[in-house]
Amino acid sequence: MQTRFVLIHTSHAGNVGAAARAMKTMGFDDLVLVAPRWPNVLRREETIQRASGAVDVLQRCRIVATLDEALDGMTHLCATAMTPRDFGPPTRAPREHFEMLLKNELLPMDGRGESAFLTAESSPELPPGLPSGSAAAPRPGPPAGMAFLFGSERFGMANEDVYRCHVALSIPTDPQFGSLNLGAAVQLIAYEWRQALGGFAVTAGAPQGQPADAAQLAGMLAHWQQALVALGFLDPQAPKKLMPRLNQLFNRAQPTVEEIHILRGVAKAMLQAAESKSLGRR
């Protein structure tokens, strides 16, 4: 499935670079600019700096004069609009719409220009609203080309551009402040779409090291007991439950072999400090 990001009348060069960076982090590289403010936007220093390494996306990027040119080959169009329109496609959160789309739950546009969707009560052969005996509307398959449209920074998308789309995606934000930078909006949409497609595996962290065995833990605790006595923190005649409590603490912590070495180094330093203090009093 081809995925394309379309920026319409972009006025800030840095947002083009930020969009390219956002796309590349999610594995997308098809970017089209429709009549941007700067004809040389792809070569401007701010664009390249904000792309932060996604120069290959900028090199592949096309600049076109009209939205029709930008949408060539695209079969499913997603507008991005914070303000719902009184007329036009349904407004949905990206995650909700992508799930419906990939599960093949969307139906063709109804008579009002809105796409319905299948529910558990809906017949897969006869969509709701069709009279008995009507031919069933075919269930569409996954789109061959997915296009995400973003309007200008100041005015957003024009109504006529929204009306031609299948859905208006609205990113759920704080109702009191829903203003998103263009690059941030591209990043969120790209992330949600990538997750819907299956996402990328999380890079495994470095190995945590070999867990210490019981003998190593006991040796470290004996070392600590010696150091605590030397410092005067532990009274060997009345130890109470200090060492058993420390034993339980380290059992819960499950230290590695390297961490045991560090703790024994601390005990050694405590013994040396106690010895220096004792020599200073002589």
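The values are calculated or read from the model by the stated rules, or taken from the named source; none is laboratory data. Only a predicted model underlies this, so the values are computations on that prediction, with no experimental measurement involved. Backbone-built Cβ (ideal geometry, glycine too); neighbour counts: all protein chains shown. Each accessible area value is taken on the protein alone, full model and side chains, heavy atoms only, with ligands, DNA and RNA left out. Shrake-Rupley method; radii C 1.70, N 1.55, O 1.52, S 1.80 Å.
Each other residue within a Cβ distance under 13 Å of Gly14 adds +1 if Lys or Arg and -1 if Asp or Glu, for a net charge of +1.
Taking Lys and Arg as +1 and Asp and Glu as -1, the other residues whose beta-carbon sits under 12 Å from that of Ser179 total -1. In the chain, a dipole from Cβ-located charges (positive for Lys and Arg, negative for Asp and Glu) runs towards its positive end, and of Leu149, Trp224, Leu263 it is Trp224 whose Cα lies farthest in that direction. Solvent-accessible surface of the chain, taken per residue with a 1.4 Å probe and all protein chains present: 59 Å². The packing ranking of peptides 164-177, 32-45, highest mean first, is 32-45, 164-177, where packing means the average number of other beta carbon atoms within 10 angstrom of each residue. Split the accessible area of the chain by element, probe 1.4 Å, and carbon with sulfur accounts for 53%.
Ordered from highest to lowest accessible area with the whole protein assembly present and a 1.4 Å probe, Lys240, Lys277 read as Lys240, Lys277. Provide the FRET efficiency to the nearest 0.05 for the Leu102-Ala269 pair, computing r from the beta carbons and using R0 = 51 Å. Once the sixth-power term is evaluated, E becomes 0.30.
Electrostatic tally near Gly265: other residues with Cβ closer than 11 Å to its Cβ, Lys and Arg +1, Asp and Glu -1, net 0.
Placing unit charges on the Cβ atoms only, positive for Lys and Arg and negative for Asp and Glu, gives the stretch 1-111 a dipole magnitude near 420 debye about its Cα centre.
To the nearest 20 debye, what charge dipole does the chain have about its Cα centre, counting +1 at the Cβ of each Lys and Arg and -1 at the Cβ of each Asp and Glu?
The dipole of the chain has a size of about 1600 debye.
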